[in-house]
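Asker: Structure provided below as structure tokens; questions to follow.
The values are calculated or read from the model by the stated rules, or taken from the named source; none is laboratory data. Note that the coordinates shown come from a computational prediction; the quantities given were computed from them, not determined experimentally. Note: ideal-geometry Cβ built from the backbone for every residue, glycine included; neighbour counts use all protein chains shown.
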Amino acid sequence: MAGEPQDDCLFCKIVAGHIPATIVRETDTTIAFRDINPQAPTHILVIPRVHYRDVAALAAGAPQIAADVLRETQAVADEEKLDSYRVVFNTGTGAGQTVWHAHGHVLGGRGLEWPPG
Ligand code: 5GP
Ligand code: ZN
């Protein structure tokens, strides 16, 4: 069921504490932790504790929590002292999504090209 933990989901396992992560912020509804393969000096993932397959499913099923995730991206950027940063929600295989638990990438600390690749 949407929102329920999934046994085969890597990020549900991080939420449950079964897989370690370098957590930088936690709220009742979200967790933020460092990406294991950083693409920028700051590369932090902000995820809802609940399981939805992507950000659109999260926004449809739990809009308040989607707002919490967005608010936390700014909180992470503030903690990292980023004046400019980018939030990326890869959605679908063709866009590079590899983990099917909604997550926003907060990227910063270097020049960020536009348009992105
Ligand atoms: P996606 O490709 O789905 O947009 O993003 C998934 C992200 O999760 C990737 O940037 C990848 O490096 C990161 N990732 C994959 N496995 C782990 C892990 O075990 N721990 C952490 N902290 N990040 C991971
Ligand atoms: Zn999950």
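Asker: Answer yes or no as to whether I36 is of a type in the set (A, V, I, L, M), within 15 Å of the chain's Cα centre (by Cα) and assigned to a loop (DSSP other than H, G, I, E, B).
Answerer: yes
Asker: Does region 11-25 contain at least one residue that is touching a Lys or Arg at 6+ places or on another chain (Cβ under 6 Å), within 16 Å of ligand 2 (Cβ to nearest atom) and within 19 Å of V106 (Cβ to Cβ)?
Answerer: yes
Asker: For the structure I just gave you, tell me whether E4 is touching a His at 6+ places or on another chain (Cβ under 7 Å), surrounded by fewer than 16 Cβ atoms within 10 Å (Cβ to Cβ) and charged (D, E, K, R).
Answerer: yes
Asker: Please verify whether region 85-103 includes one or more residues that are of a type in the set (S, T, Y) and over 13 Å from the mean Cα position of the chain (by Cα).
Answerer: Looking through region 85-103, at least one residue is of a type in the set (S, T, Y) and over 13 Å from the mean Cα position of the chain (by Cα).
Asker: Within region 60-117, work out how many residues are surrounded by fewer than 17 Cβ atoms within 10 Å (Cβ to Cβ), among the small types (G, A, S) and touching a helix residue (DSSP H, G or I) at 6+ places or on another chain (Cβ under 8 Å).
Answerer: Total satisfying the criteria: 0.
Asker: How many residues does region 1-33 contain that are of a type outside the set (D, E), within 14 Å of ligand 1 (Cβ to nearest atom) and part of a loop (DSSP other than H, G, I, E, B)?
Answerer: 7
Asker: Can I ask one more? Go through (1) assigned to a loop (DSSP other than H, G, I, E, B); (2) more than 15 Å from ligand 2 (Cβ to nearest atom) for D68 and report which single condition fails.
Answerer: For D68, the exception is condition (1).
Asker: Do we have any residue at all in region 78-85 that's acidic (D, E), part of a strand (DSSP E or B) and modelled with pLDDT of 95 or more?
Answerer: Checked against the condition, which is being acidic (D, E), part of a strand (DSSP E or B) and modelled with pLDDT of 95 or more, region 78-85 yields no hits at all.
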